[in-house]
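The values are calculated or read from the model by the stated rules, or taken from the named source; none is laboratory data. No experiment lies behind these values; they were computed from the predicted model shown. Reconstructed Cβ throughout: ideal geometry from the backbone, glycine too, with neighbour counts over all protein chains shown. With ligands, DNA and RNA removed, areas are computed over all heavy atoms of the protein, side chains included. Shrake-Rupley method; radii C 1.70, N 1.55, O 1.52, S 1.80 Å.
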Amino acid sequence: MSRARADEEEYWHSSKFRAFTFDDEDDELSQLKESKRAVNSLRDIVDDDDDDLERVSWSGEPVGSISWSIKETASGSTSSLDGRDSSLQKGSSSYAVLPKQGSSYSLSSLFKGRNKLPSFQSLSDALTDTGGKNYAPELRRPKAEYKDYSSDWSPKDTVRRMQRGKVCSLERFRSLQDKLVLLDEAVAGHDGNVITAVLIFLKRTLRREILFRELEVRQVALCHLIRFLRETGEQKFLLDLLRFLDRTEEVALSQYREHLNIQDVEKRREFLKGCIGLPFSAEDNSHIQDHYTLLERQIIIEANDRHLEMAGQSELFRKYPRKASILNMPLVTTLFYSCFYHYTEAEGTFSSPSNLKKTFKIPDKQYVLTALAARAKLRAWGDVDALLTTKNWLGYTKKKAPIGFHRVVEILQRNNAPVQVLQEYVRLVEDVETRLNLATKYKCHDVVIETYRDLKDRIQLTAYKCKVERGSAEEEKINSILNNMVRNAY
């Protein structure tokens, strides 16, 4: 017997693990003197990095993994229990006695403060139990940690915590009334992220007809949900919502937007053709019709131009190769393309600029601006002149620019137009100050000199004389004008 006691004592003093108890500063566990040693022992047991440590059960038997069970067997007799107790007291400190029961507990259940048996008691209950039964102590989280996991938050408190970035479970709100109160509190908080989070929760936990009915009287939340559905691409859910709200035009527009997801041009054309019959407003229906017609034209133009480019039959395509396909381009881009490659074609062809202008009712201002940019890029100054020349019913011609001649000058200058061409259109700018600024900026000397002459401004002419080259034609012109002014003065 003495040998067994000696072996047992040697085991407890030489083992890598020591018996432990648990400590909580806020309750009766502080009465146990071995609390620090118990926590350190537990930390060693659950340390997965220390692979070479031998893991043991409470009975001292080696086990294979961290998920081992704590097996406790009933003690054989009171004398053996007393012997164990007396042997433990010979160590450097005393240990709390944990009598072995006929049940087992996993390490995870001890660590989380849970038990597998419904009759498991906490340590405080065990200490105060007069029946003489002792149970394994319950390891609990510090009280401060329970604050973020409480299930007792009201809807208002939950929203406030979400606004501060705290993690909150919304699953506790199970009744329809609680969910609606939560949504109202989120809307009252004016935080879009919180509103969206609550709406996602309601979308997942409520039937569609119930959710739609409640959102119908909550316009702020409704707008948030519609925006969310559009951004996430949940088209079917969005269409169901809009149909419930009887927003037929929005349903049609949402269906029309689906063409953006169709890559095949023929399938897109057929889809747009089907959209023409949707319940759009009169104005929107006109746009849908134009979109379908434009795509049809683009398909025809693209097929013909690709053939010409590959065959090498067009000098213009050889000199200026196409940078991209015309398919799915906007109307203005299509018009620019047509003015660049098909400017001289008759109105009867689909690729003719005048045909596009007539078919899609393009305003004169937009047409002139686009055609001017295209022809100036090709440096076709004759086409520019013809574009800006009009003839009245008497047969007289005059220059006319719906966009204003100051913009004409800017477009021509960006395309490196010669000074002679620029001067012709700078002279046509009606505002004197604007004309002088443009002429000075782009070094149209003749226009500056003629304008100061018409203003009879000798001071400005004399000052401008210093800005032209000595001996140039411009200097001679200024001298001649100044001399004529002196003669006329006498």
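Quick look at the numbers
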| item | result |
| --- | --- |
| Cut-off 14 Å between beta-carbons: net charge of the residues surrounding T344, Lys and Arg +1, Asp and Glu -1 | -3 |
| Summed side-chain charge close to F244 - residues other than F244 whose Cβ falls under 10 Å, Lys, Arg +1, Asp, Glu -1 | 0 |
| Approximate spin-label separation R487-D246, in nm, with each point projected 7 Å along Cα-to-Cβ | 8.8 |
| Net length gained if the chain between V265 and M310 were fully extended (0.36 nm per residue, minus Cα distance) | 14.1 nm |
| The stretch 446-489, accessible surface, carbon-and-sulfur percent (1.4 angstrom probe) | 45 |
| Overall form of the stretch 378-443 per C-alpha gyration tensor (a/c, 1.5; a/b vs b/c) | oblate |
| Derived scalar couplings ³J(HN,Hα) [the stretch 230-237; Karplus, 6.51 cos²θ - 1.76 cosθ + 1.60; whole Hz; x for Gly, Pro] | 5, 6, 8, x, 7, 5, 5, 4 |
| Segments 447-454, 475-482 sorted - mean Cβ within 10 Å per residue, highest first | 447-454, 475-482 |
| Calculated over the stretch 366-490: convex hull of Cα atoms, volume per residue (Å³) | 131 |
| Range of Cα positions in the stretch 446-489 per principal axis (Å), largest first | 27, 17, 15 |
| For the stretch 155-246, the spread of Cα positions along each principal axis, largest first, Å | 36, 26, 19 |
| Accessible area per residue, Å², the stretch 307-355 with all protein chains present, probe 1.4 Å | 60 |
| Accessible area per residue in Å² at 1.4 Å probe, computed on the stretch 378-443 | 62 |
| Pairs beyond 21 Å (Cα-Cα), from K441/K467; K456/K477; K400/K441; K443/K477; K365/K391; K400/K465 | K400/K441; K400/K465 |
| Pair K377, R218: separation of 7 Å Cα→Cβ label points (nm) | 5.2 |
| Table column - 3J(HN,Hα) (Hz), the stretch 419-436, Karplus curve with 6.51, -1.76, 1.60, x for Gly and Pro | 4, 4, 5, 4, 4, 4, 8, 5, 4, 7, 6, 6, 5, 5, 5, 5, 4, 5 |
| Percent of alpha-carbon pairs separated by more than 15 Å within the stretch 175-220 | 35 |
| Rh (Kirkwood; distinct C-alpha pairs) - the stretch 337-410, Å | 13.0 |
| Mean Cβ count within 10 Å, highest first, over the residues of peptides 386-396, 424-434 | 424-434, 386-396 |
